[in-house]
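Notes follow the structure.
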Amino acid sequence: MNGIFNLIKIVVMALILIVGTSAFAKPINVKLSTTVGDVRFELYSDKAPATVANFLKYIDGGHFKGGHFYRVVRLDNQVQNTIKIEVIQGGLDRAENAQSFAAIALEPTNKTKIKHLDGTLSMARSAPDSGTSEFFVCVNDQPSLDFGGKRNPDGQGFAAFGRVIEGMDVVRRIQNMKTDTPDPDKLAYTSGQSLLDPVRFISFRRE
């Protein structure tokens, strides 16, 4: 009887340890160096494990070298967008010889509990489960990007997985750089949001 009681205690203690470790998992810090300054992020692998693992695959493999911030969305350059947001977007979209891995499943904010607030790091996507290498950083709070938000018609929102811990001044500087001037009679979804001089990634690494 004592043996069974001791076994139960061991199992309970093990469960407490596992839950406790998960609840207080230390964020993973990474640093992005660009041609206009550095941005440091913390990534939440306990809350968005698949998204963080995918992102680290690009970082650890050196795949982000040669990438850029190439798109910025401000209140003054999205007249064609009904739901307004403020972000800067980057990744490998314009990098030469870029390698993209298989798309990952969407980890929505209603499951991760990571909201799109000022400085939140999140995965860009088109359809659900289509995120690969492209990401964005929020400027100011952006609730329309959360699960149930209306920026994306499917209502699934975007996969937030980290936040800026240093360098929001660099993010805001990039957001205010000059963008293309579109034909007002031929406005596409991202017209007027492409940087005239994309900001190149020098390095992206763990700290």
Normalised contact order of segment 26-206, rounded percent, pairs of Cα under 8 Å and 6 or more residues apart: 33 percent
With at most 14 neighbouring Cβ atoms within 10 Å, loop trypsin sites (Lys or Arg not before Pro) (DSSP) excluded, longest segment of the chain: 1-83
Prolate/oblate/rounded label for segment 145-207 (Cα gyration tensor, a/c 1.5): oblate
Cα gyration tensor shape for segment 43-107, rounded if a/c is under 1.5, else prolate or oblate: oblate
Rounded to whole Å, sorted largest first: equivalent-ellipsoid semi-axes of segment 26-206, Cα gyration tensor: 23, 20, 15
Other-chain or far-sequence residues with amide H under 5 Å of G157's (modelled H): G148, G149, N152
Integer Hz, Karplus 6.51/-1.76/1.60 couplings in order for segment 97-104, x for Gly and Pro: 6, 6, 10, 10, 8, 4, 5, 10
Estimated vicinal HN-Hα couplings, Hz - segment 193-205 in sequence order (Karplus 6.51, -1.76, 1.60; Gly, Pro = x): 10, 8, 5, 5, 10, x, 8, 7, 7, 8, 7, 9, 8
Residue of D118, D146, D183 that the Gaussian network model of the chain assigns the largest fluctuation, springs spanning Cα pairs under 10 Å: D183
Shape of segment 64-140, Cα gyration tensor, a/c cut at 1.5: oblate
In order through segment 133-149: 3J(HN,Hα) via Karplus (6.51 cos²θ - 1.76 cosθ + 1.60), integer Hz, x for Gly, Pro: 10, 8, 9, 9, 10, 6, 10, 6, 6, 10, x, 5, 8, 6, 4, x, x
Flagged links, alpha-carbon separation over 22 Å, of K31/K57; K113/K150; K84/K186: none
Zone residues, segment 109-133, relative to N29, backbone N less than 19 Å from point 7 Å out along Cα-to-Cβ: 119-121
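Taken together, the values in this text are just the output of simple stated rules run on the coordinates, not laboratory data. Keep in mind it's a predicted model, so treat the numbers as computed, not measured. When we count neighbours, we look across all protein chains shown, and the Cβ atoms used for this are built from the backbone with ideal geometry, even at glycine.
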